[in-house]
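Read the structure below first, then the notes.
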Amino acid sequence: MTVLVLGAGPVGQTAALALARWDIPVVLLDQRPERDPIGSKAICQQRDVLDFWSELGAGAIADEGLTWSRARTFYQDQELFVVELSDAGRSPFPPFVNISQARTEEVLDDAIARQPLIDVRWSHRVTAISQSSTSVTVRCETPDGDVDLTGDYAIASAGSRASDVRAMLDVDFEGTSFDDAFLICDIEATLPGWEQERRFYFDPTWNPGRQVLIHPCPLGLYRIDWQVEPDFDLEAERASGRLDARIRQIVGDTDYRVDWSSVYRFHARIASRFSVGRVLLAGDLAHLVAPFGARGLNSGVPDVENAAWKIAWTLRGWAGPGLLETYETERRAAAVENLAVTTATMDFLVPHSPEAAARRAELLEAARSDTTARTRVDSGRLAEPYWYVDSPLTTRADDRPWTGRPPRGAPPEPVPGVILPDAPVEVRGRPEITHVRQLARAGLLALAGPEADLAAVREALREGAGPAPHAVVALDEIEPSGILLESLKARPADVWLVRPDAHTCAVARQPAELVAAARRALGHPG
């Protein structure tokens, strides 16, 4: 029993750890000879991703990251609005932390080094992928010659540039690339008052007609993104002194140091398939979005959490025949949502016609004084967990209709399919359990309201889950403060069913409903 993971970036690292957590041996491959920790790259890590990393032994990412919960948007020299990020429950993790991707990968590597089930192989370039009805074989070019590695399944997370892997799987990667370039700099400086908030500027006097995004990072580092002209030349900018002048317009006379700089363009692309036989595609190999909203790595990690529990439960004989095929259903839908959100942002940031540019300028001017106009200003909708309300694994509740994407910065309405709000709990005899998501990630979890018949709930879940790990807890026993009951808007007799990835999948009030919902959540027919 082995799973191959292709690509040892943060998505692949997470996939390996997530599989090993279910006692599945992993071979983690990467074509590079070693890690290349250069630049901040994906710096913005969202609360629910931090939660999962902590569960995998990488809690230092949350501990070391710079916490922020406020996103401010400006037009020229005037602040238009502030988004304060809320929490449906009371999570132990902040809404976001900023930390360099290099440090994130280092922490994940430390966790991998403590996990004997993960075999890491550098300098393994995938040159061919073949499959049978029971296995996947990957041929790799190595310094010592070609080797064939075989696993029961594979997760392909080799990154955006792995067009060869997509070609081996006969997967298209359709979409668009944006013409405008963006300059990115990691700058060490002291900027009082800017240390714990995201700042986005439309048309500032120091970058007229374009945008600037500023993110604080640990140790006095700031990540600054400037929208620049399509033919921007970074080397010429440095040599002429214009880069220094550009930075001085933001930091003033304070001392600073540039740690890293680069120029890049954004893409909006999605794989034609997320599942090819026994190979699941994840992360940037499967989808690319513009970074405004931090929806890249923060969607790659949920990809592999979703894939890992479904692969593991299938291999363990705990799943129905339809479970694994829902990976594509759920995660491609999440990617389509992220593409829609980020493409709308890019269309606002980079209008495609003079008419669109004029409409945007008119809206920004109106937003100076019109609160309704401000709601239409798009400086990037920040990453949020996807809602599996239309998943085959979710049992809909007729009295809890899905009302659609929630307002900016707000959690979704509590309906089956959304992620479980977190809250502190106390479990008798288990001091290591401090919040409810830890219970959820151990198997199928039934959260019973104070008026639910616990004996009947236990019997129903036992019947519906079969051999799969499962548990029933009484909400008023583990969380007497009522935070979860309130955040779920739960009735006293409700029983909420939660999947191993902490997503809710049903609300039951009768034992037969819970049996059917548990079977559905495991991919059983009927």
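The values are calculated or read from the model by the stated rules, or taken from the named source; none is laboratory data. These numbers were taken from a predicted model, which means no experiment stands behind them. Positions of Cβ are generated from backbone atoms using ideal geometry, with glycine treated the same way; all protein chains shown enter the neighbour counts. We work out accessible area using only protein heavy atoms, side chains counted, and drop any ligands, DNA or RNA first. Shrake-Rupley method; radii C 1.70, N 1.55, O 1.52, S 1.80 Å.
Within the bounds of the stretch 70-87, is there any residue that is part of a loop (DSSP other than H, G, I, E, B) and closer than 22 Å to ALA440 by Cα?
Taking every residue of the stretch 70-87 in turn, at least one turns out to be part of a loop (DSSP other than H, G, I, E, B) and closer than 22 Å to ALA440 by Cα.
Specify which of the listed residues (GLN227, GLN196) is surrounded by 13 or more Cβ atoms within 10 Å (Cβ to Cβ), in contact with a Pro (Cβ under 8 Å, 6 or more places away or on another chain) and among the polar types (S, T, N, Q).
Values: GLN227 fails: in contact with a Pro (Cβ under 8 Å, 6 or more places away or on another chain).
On inspection, the qualifying residue turns out to be GLN196.
Give me the residue from the stretch 96-118 that is touching an Asp or Glu at 6+ places or on another chain (Cβ under 9 Å) and open to solvent by less than 20 Å² (accessible area, probe 1.4 Å) and, out of that set, farthest from ILE38 (Cα to Cα).
First, pick out the residues of the stretch 96-118 that are touching an Asp or Glu at 6+ places or on another chain (Cβ under 9 Å): 97, 99-100, 102-103, 107, 117.
Now restrict to residues that are open to solvent by less than 20 Å² (accessible area, probe 1.4 Å): 97, 99, 107.
On the way: VAL97: 19, ILE99: 13, VAL107: 15 Å.
Ranking the candidates gives VAL97 first.
Just to be sure before I move on: is SER160 under 28 Å from LEU280 (Cα atoms), within 26 Å of the chain's Cα centre (by Cα) and either open to solvent by 20 Å² or more (accessible area, probe 1.4 Å) or at pLDDT below 95 (or both) in the structure I sent? Before you say what the answer is, go through the steps one by one.
Values: under 28 Å from LEU280 (Cα atoms): yes; within 26 Å of the chain's Cα centre (by Cα): yes; either open to solvent by 20 Å² or more (accessible area, probe 1.4 Å) or at pLDDT below 95 (or both): yes.
Taking the combined requirement at face value, the residue satisfies it.
For the list (1) under 14 Å from the mean Cα position of the chain (by Cα); (2) in a loop (DSSP other than H, G, I, E, B); (3) not hydrophobic (A, V, I, L, M, F, W, C), I need the number of the one condition that ASN306 fails.
Of the numbered conditions (1) under 14 Å from the mean Cα position of the chain (by Cα); (2) in a loop (DSSP other than H, G, I, E, B); (3) not hydrophobic (A, V, I, L, M, F, W, C), the odd one out for ASN306 is (2).
Hey, can you tell me all the residues within the stretch 33-64 that are at negative phi, in contact with a strand residue (DSSP E or B) (Cβ under 9 Å, 6 or more places away or on another chain) and assigned to a loop (DSSP other than H, G, I, E, B)?
The answer is ILE38, SER40, ILE43.
Residues that are closer than 18 Å to GLN249 by Cβ: list the strands (runs of 3 or more DSSP E) wholly contained in the stretch 129-216 that include at least 1 such residues. Walk me through it before giving the result.
Details: elements: 136-142, 145-151, 153-156, 173-177, 181-189, 198-202.
Qualifying strands (runs of 3 or more DSSP E): 181-189, 198-202.
Out of PRO25, PRO37, PRO10, which single residue is in contact (Cβ under 8 Å) with a residue 60 or more places away in the chain and more than 22 Å from the chain's Cα centre (by Cα)? If you could, list the steps in order and put the result at the bottom.
Numbers: PRO37 fails: more than 22 Å from the chain's Cα centre (by Cα); PRO10 fails: more than 22 Å from the chain's Cα centre (by Cα).
That would be PRO25, the only listed residue that is in contact (Cβ under 8 Å) with a residue 60 or more places away in the chain and more than 22 Å from the chain's Cα centre (by Cα).
Within the stretch 342-360, track down each residue that is in contact (Cβ under 8 Å) with a residue 60 or more places away in the chain and in a helix (DSSP H, G or I).
Just the residues of the stretch 342-360 that are in contact (Cβ under 8 Å) with a residue 60 or more places away in the chain, to begin with: 342-343, 346, 349-350.
Correct list: THR342, THR343, MET346, LEU349.
Would you pick out the residues in the stretch 251-303 that are assigned to a loop (DSSP other than H, G, I, E, B), modelled with pLDDT of 95 or more and of a type in the set (S, T, N, Q)?
Listed by number, the list holds a single entry, SER272.
How many of the residues making up the stretch 409-426 are crowded, with 17+ Cβ neighbours inside 10 Å and part of a loop (DSSP other than H, G, I, E, B)?
Result for the stretch 409-426: 11.
I'm trying to understand the selection: among the residues of the stretch 362-393, which are touching a residue at least 24 places away in the same chain (Cβ under 8 Å), surrounded by 14 or more Cβ atoms within 10 Å (Cβ to Cβ) and out of contact with any strand residue (DSSP E or B) (no Cβ under 8 Å at 6 or more places or on another chain)?
ASP378, ARG381, TYR386, PRO392, listed by residue number.
Taking the residues in the stretch 199-224 that are β-branched (Val, Ile, Thr) and buried (at least 17 other Cβ atoms within 10 Å of the Cβ) as candidates, determine which candidate is farthest from the chain's Cα centre (by Cα). Don't jump to the end; show me each part of the working.
Filtering the stretch 199-224 for residues β-branched (Val, Ile, Thr) gives 205, 212, 214, 224.
Checking the rest, the ones that are also buried (at least 17 other Cβ atoms within 10 Å of the Cβ) come to 212, 214, 224.
Numbers: VAL212: 24, ILE214: 21, ILE224: 22 Å.
Of everything passing the filter in the stretch 199-224, VAL212 is farthest from the chain's Cα centre (by Cα).
Could you look through the stretch 4-21, keep only residues that are of a type in the set (Val, Ile, Thr) and within 16 Å of VAL165 (Cβ to Cβ), and pick out the one that is least open to solvent (accessible area, probe 1.4 Å)?
Step one: of the stretch 4-21, the residues of a type in the set (Val, Ile, Thr) are 5, 11, 14.
Those still in the list that are within 16 Å of VAL165 (Cβ to Cβ) too: 5, 11.
On the way: VAL5: 0, VAL11: 18 Å².
Top of the filtered list is VAL5.
Restricting attention to the stretch 62-89, which residues are more than 23 Å from ALA290 (Cα to Cα) and in contact with a Leu (Cβ under 9 Å, 6 or more places away or on another chain)?
Within the stretch 62-89, the subset more than 23 Å from ALA290 (Cα to Cα) is 62-64, 77-79, 86-89.
Scanning the stretch 62-89 gives ALA62, ALA88, GLY89.
Quick test of your reading of the structure: LEU339 fulfils all but one of (1) free of Cβ contacts under 8 Å to residues at least 24 places away in the same chain; (2) assigned to a helix (DSSP H, G or I). Name the failing condition by number.
All conditions are met except number (1).
Under 9 Å by Cβ, and 6 or more places apart or on different chains, what pairs join a residue from the stretch 217-239 that is farther than 25 Å from TRP68 by Cβ with one that is modelled with pLDDT of 90 or more and open to solvent by 80 Å² or more (accessible area, probe 1.4 Å)?
Close Cβ pairs satisfying both conditions: ALA236/ARG242.
State the number of residues belonging to the stretch 245-280 that are farther than 22 Å from THR343 by Cβ, of a type outside the set (A, V, I, L, M) and open to solvent by less than 70 Å² (accessible area, probe 1.4 Å).
Initially, the stretch 245-280 is screened for residues farther than 22 Å from THR343 by Cβ, giving 245-262, 275-280.
Next, from what is left, pick out any that are of a type outside the set (A, V, I, L, M): 246, 248-249, 252-257, 259-262, 275, 277-278.
Keeping just the survivors that are open to solvent by less than 70 Å² (accessible area, probe 1.4 Å) gives 246, 252, 254, 256, 260-262, 275, 277-278.
The qualifying residues number 10.
Condition check: crowded, with 21+ Cβ neighbours inside 10 Å and not in a helix (DSSP H, G or I). Does PHE93 satisfy that? Spell out the reasoning first.
Numbers: crowded, with 21+ Cβ neighbours inside 10 Å: yes; not in a helix (DSSP H, G or I): yes.
For PHE93, the condition - crowded, with 21+ Cβ neighbours inside 10 Å and not in a helix (DSSP H, G or I) - is met.
Against the condition in contact (Cβ under 8 Å) with a residue 40 or more places away in the chain, within 14 Å of PRO450 (Cα to Cα), out of contact with any Pro (no Cβ under 9 Å at 6 or more places or on another chain) and basic (Lys, Arg), how does ARG491 come out, does it pass?
Values: in contact (Cβ under 8 Å) with a residue 40 or more places away in the chain: yes; within 14 Å of PRO450 (Cα to Cα): yes; out of contact with any Pro (no Cβ under 9 Å at 6 or more places or on another chain): yes; basic (Lys, Arg): yes.
Judged against the criteria, ARG491 is a match.
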